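Right, one structure below, let's go through it.
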Amino acid sequence: MAVNLAPHVPKTASDEGVIEAATAALGDLLLDAKDHVGEITLTVRREGLVDALRALRDTPGLEYQQLMEIAGCDYPERPERFEVNYMLLSLTKNRRIRVKVLTDETAPVPSATVLWPVANWLEREVFDLYGVLFTGHPDLRRILTDYGFEGYPLRKDFPLTGHVEYRYSGAEKRVIYEPVQLPQDFRTFDFLMPWQGPEYVLPGDEKAKPEGAGGPTPTPAPAGNPPSNVKTPAETPKTTDTPAQTGGGAPADAQATKEARKPVVAKAKKEVSKDGDVADPKPQPSGRRRPGGGAG
C-alpha cells in the first residue's frame, strides 16, 4: 500500500522488491518479513544474526552498509520478552530497513561488533538499560554502575520507588546514601470514592457537624403560585395623560409661542443677520518689542 508522506519527510528510494531479495539472500535465517507503514522489518534467527546482517550488507541490490541504531523493546507477557532492533541504512540505494531478533533475560545475542565497530557502544546501552546479553562483545560493562546502581530502568517491571536513595548533600559536600523518605503519603491510600467521603476528620473540622455520605440536598422550592406585584401589575400599561405629568405645559408667554411657531428657514436667516451685525474687533498691540527697540 502506498503511503503519502508529509512534504518535510526526506524522500527515500522505493522498497519494491526488497523483501524478495532479502528472502533469497537470507534463506533459513529469515523468520518473518513484513512491510508496514512504509517500513520493512525482517525478523531473523538469533543465532544467525551476524550472518544475516552480513548478507544484507554485502549482497548486491541490498547493500545496507551502515548500522545507524540498536534499540531494545520489552514485552513482559511474551516468553522471549526482549526485542533487539537493528536499523540499517543503504547509502547507495537511499533506503532503510529494520532487522529484529527476540531473546529473554538469559539467552545471549551475537554481537555485531565484528561487522560495525559502532555496535560496541549501542549494545552496551541495550545491556545497561534492558539487561540483554551479547556474546563476543569486547567490553560489555554497565554504564549505570556509579554509586551501586542495580536493576535495568527501561524494563516494564522496573520499580518506580525503592528503599535506599542517594543524593548530593550540601552540608557534607558529597553524595550520601539514606533511606527513602517520601514527603507525602505516596503509598497511603484510603481507597474511597470522592462521593463517599473520608472516615477520618481533617484538621480544623473537629467542630463541624458530621453528615452522611454524599453532599447536602438543596432546599426545595416553595409550593403554589409565585407571588405577584399588586401595585404595578405587568398587564396595566403606564401612559402620560396630561401635560402636568410630563412637566412641559403651555408656552410661557406670547413671544415664546410666536418664536416657537416660526419656520426653520426663518430662524436660520435671523441668526445669520445677527452674526453679520457684529463688528470686527480692533487689533490689539502684542506688547512684544522689535529687535530695533520698538514694540510690535
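The values are calculated or read from the model by the stated rules, or taken from the named source; none is laboratory data. The model shown is predicted, which means the values in this text are computed figures rather than measured ones. Here the Cβ is made from the backbone with ideal geometry for all residues, glycine too, and neighbour counts use every protein chain on show. Ligands, DNA and RNA are stripped out before the accessible areas are found, and what is left, the full protein with its side chains, is counted by its heavy atoms. Shrake-Rupley method; radii C 1.70, N 1.55, O 1.52, S 1.80 Å.
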If you scan the range 24-65, which residues turn out to be more than 24 Å from residue 133 (Cβ to Cβ), part of a strand (DSSP E or B) and open to solvent by 70 Å² or more (accessible area, probe 1.4 Å)? 34, 35, 36, 39
Contact list please: Cβ distance under 6 Å, first residue in the range 163-177 and assigned to a loop (DSSP other than H, G, I, E, B), second residue open to solvent by less than 100 Å² (accessible area, probe 1.4 Å), pairs at least six apart or on different chains. 163/180
Single residue of 141, 95 found to be in contact (Cβ under 8 Å) with a residue 12 or more places away in the chain, in contact with a helix residue (DSSP H, G or I) (Cβ under 9 Å, 6 or more places away or on another chain) and either surrounded by fewer than 17 Cβ atoms within 10 Å (Cβ to Cβ) or of a type in the set (Asp, Glu) (or both): 141
The correct count of residues that are surrounded by 15 or more Cβ atoms within 10 Å (Cβ to Cβ) and without any contact (Cβ under 8 Å) to a residue 40 or more places away in the chain in the range 9-23 is 1
Those residues that are under 21 Å from residue 83 (Cβ atoms) and surrounded by 10 or more Cβ atoms within 10 Å (Cβ to Cβ), I need them from the range 145-160; list them, please. 151, 152, 153, 154, 155, 156, 158
If a residue must be within 19 Å of residue 52 (Cα to Cα) and among the acidic types (Asp, Glu), how many such residues does the range 102-148 contain? 1
Residue pairs meeting the criteria (Cβ under 7 Å; at least 6 apart or on separate chains; first without any contact (Cβ under 8 Å) to a residue 40 or more places away in the chain, in the range 57-82; second among the small types (Gly, Ala, Ser)): 59/25; 63/90; 64/90; 65/90
Might you let me know whether the range 139-161 holds any residue that is touching a Lys or Arg at 6+ places or on another chain (Cβ under 8 Å) and at pLDDT 90 or above? yes
Residues that are surrounded by fewer than 18 Cβ atoms within 10 Å (Cβ to Cβ) and closer than 17 Å to residue 25 by Cα: does the range 68-85 have at least one? no
Scan the range 99-112 and give yes if some residue there is in contact with a His (Cβ under 8 Å, 6 or more places away or on another chain) and among the small types (Gly, Ala, Ser), otherwise no. yes
